[in-house]
Amino acid sequence: MSPASADIHPEDTLLEENEERTMIDPTSKDDPKFKELVKVLIDWINDVLVEERIIVKQLEEDLYDGQVLQKLLEKLAGCKLNVAEVTQSEIGQKQKLQTVLEAVRGLLRPHGWALQWTVDSIHGKNLVAILHLLVSLAMHFRAPIRLPEHVSVQVVVVRKREGLLHSSHVTEELTTTTETAGDVSINPACASPLGHAERDAFDTLFDHAPDKLSVVKKFADGVYLVLLTGLLEDYFVPLHNFYLTPDSFDQKVHNVAFAFELMLDGGLKTPKARPEDVVNLDLKSTLRVLYNLFTKYKDLE
């Protein structure tokens, strides 16, 4: 701990004795990967809530009162939370946040997620806490987005002690890799259940040999899946039906979805994974798709 530097804003000095406040170091906010993470999450929220006519422009200002978070969770989880629709008072906002975050806890805690946020931190417009929450939700629900990997920020922690401000710097890791998404489960706080992804042989395989499976990343853009399916069924896939050199997320999703259609036409079962899971480098999902092919064509010469 050291005396606070002079670049702390005046509003951040209004602390009670031993009170603590955190803020992101300005240099971290200028980091391209941090900016990309914020943009990806804002775009994702707006895509999910497009039918609600909700447009998020700034995470701290638009999510702190719980209204948008409520709508987001209800849309993702397919449930209805028992909260007041609109509330202006601070007490009402925190009550709504409490209900929403308890529902999130019911979803994430059983799967071992670290909950790095509180009602006070979200309502206090703590951007780091809000980002932790959104990243956890995006990965748990396997959002069709590509989060930038290994995003960290420097956080300035300011505390008032004996009438003086003292500050320290802490590194907060916001994302690691995109291969750690959790499974969707039943949420006891919701009126309707969510789809439950049961553990299977691929989960066990991942528990014991995750480092051996990076080869399946080659299928993430869908090109090999399309060509392989055509090869196994002994027909040529017209090139105008898919993107041979996809250069965007949507084009890759199109390719994988098209490969799934070819598999269904060939008599295979509906893939357990979503096209977005494969594009997002979810290895278990990709292996399940490949195993589908293997079970039908393993005796093919």
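At a glance:
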quantity	calculated
Leading residue by the ranking (nearest to ARG146 (Cα to Cα)) among those in the range 214-228 that are open to solvent by less than 20 Å² (accessible area, probe 1.4 Å) and modelled with pLDDT of 90 or more	GLY222
Which numbered condition ARG21 fails, given (1) touching a strand residue (DSSP E or B) at 6+ places or on another chain (Cβ under 8 Å); (2) open to solvent by less than 60 Å² (accessible area, probe 1.4 Å)	(2)
Flag for VAL156 being surrounded by 18 or more Cβ atoms within 10 Å (Cβ to Cβ), modelled with pLDDT of 85 or more and assigned by the TED database to the domain that holds LEU72	no
Listing of helices (runs of 4 or more DSSP H) fully contained in the range 240-298 that carry 2 or more residues being of a type in the set (S, T, N, Q)	249-265, 283-297
Selected residue (only one of ASP200, ASP265 is at pLDDT below 85, charged (D, E, K, R) and farther than 21 Å from PRO148 by Cα)	ASP200
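Here is a yes/no grid of residues against (1) β-branched (Val, Ile, Thr); (2) in contact (Cβ under 8 Å) with a residue 60 or more places away in the chain; (3) open to solvent by 90 Å² or more (accessible area, probe 1.4 Å); (4) out of contact with any helix residue (DSSP H, G or I) (no Cβ under 6 Å at 6 or more places or on another chain):
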residue: GLY230; (1), (2), (3), (4): no, no, no, yes
residue: GLU233; (1), (2), (3), (4): no, no, no, yes
residue: HIS240; (1), (2), (3), (4): no, no, yes, yes
residue: THR245; (1), (2), (3), (4): yes, no, yes, yes
residue: GLN251; (1), (2), (3), (4): no, no, no, yes
residue: LEU264; (1), (2), (3), (4): no, no, no, yes
residue: PRO271; (1), (2), (3), (4): no, no, no, no
residue: ARG274; (1), (2), (3), (4): no, yes, no, yes
residue: VAL279; (1), (2), (3), (4): yes, yes, no, no
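The values are calculated or read from the model by the stated rules, or taken from the named source; none is laboratory data. Given the structure is predicted, the values throughout are model-derived calculations rather than measurements. Heads up, the Cβs are rebuilt from the backbone with ideal geometry, glycines too, and the neighbour counts pull from every protein chain shown. With ligands, DNA and RNA removed, areas are computed over all heavy atoms of the protein, side chains included. Shrake-Rupley method; radii C 1.70, N 1.55, O 1.52, S 1.80 Å.
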